[in-house]
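Beneath this line is the structure, given in structure tokens, with notes to follow.
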Amino acid sequence: MHLTKIEIDPDKFPTREEYPFNLKVFRNTRELCLNTPVTFFIGENGTGKSTLLKAIAHKCNIKIWQSTQRTRFKKSPYEGMLYTALGVKWVDGSVPGSFFSSQIFQNFSEILDEWASTDPDLLNYFGGESLMKLSHGQSLMSFFKSRYKIKGLYLLDEPETALSPGSQLALLHQLKKMTTAGPAQFIIASHSPILLAYPEAVILNFDDTSIKPVAYEDTEYYQVYKDFLVNRSKYLKDL
């Protein structure tokens, strides 16, 4: 364990009318205690889980490789400011880390390729070959297996994207390997019932009026997938 607590101070909110400061989960949650090496954030899109993950990265001085910026019709000027209301507590001082999102991973892979053109040894940290030569899923697993050997705090935003069920199981084994060895701690936003099954992980639900822990079997993801696999004719009868 490296990071043990995340504090949210509503008194530091610059507004309560704009996203993400208008979300009840942030107004009603004062702290999140991280008691296990793997913590999951779950919730519907727009509930703030990815926004909080990015705010944690910012507060912990973890670089987020930005993808190509596109003009949006309407964007909250406060969208990237949640970190200003956060406090973090470490076990023994801050540690390095990384932020992963499949949406920006392609951008990182391209930058890494450019760097490697002048310093090929950089690729040794990512499996020994260009991530651009691999399929998306293969490049993700190569990144995970190499990067997570290093001591640090790792923030993952929906890593199941582009990973087959088999690759998600492989990622579970990688998480177990690195947390057992001690150097790595993970906070993961996910919709995957496969990843959420990680033994002894804490699952924090953003779908209520405050962020609360939930048992794996009580998550909507587990219940919907299980019911679909057992009673799929019920879901397909109108198709």
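A few points about this structure:
- Ascending count of other beta-carbon atoms within 10 Å, so fewest first, for CYS60, CYS33: CYS33, CYS60
- Sequence-distant residues sharing a close amide H with LYS5 (under 5 Å, placed H): LEU34, LYS89
- Over the Cα atoms of region 189-235, the radius of gyration divided by the Kirkwood radius equals 1.02; this is the Rg/Rh ratio.
- Stretching the chain fully between LEU239 and GLU31 yields a gain of 70.4 nm (0.36 nm per residue, less the alpha carbon separation).
- By the rule of a C-alpha distance below 23 Å, with chain neighbours fewer than 8 residues away ignored, the lysines paired with LYS151 are LYS5, LYS54, LYS59, LYS63, LYS89, LYS176, LYS177.
- Contour excess over end-to-end distance, with Cα ends at ASP208 and THR180 and 0.36 nm allotted per residue: 6.9 nm
- Inter-part distance where region 196-239 and region 9-23 are each reduced to a Cα centre, Å: 29
Every number in this text was worked out from the coordinates using simple rules, so none of it is lab data. As the structure is a prediction and not an experimental result, all values here were calculated from the model. All Cβ positions, even for glycine, are placed from backbone atoms using ideal geometry, and neighbour counts span all protein chains on display.
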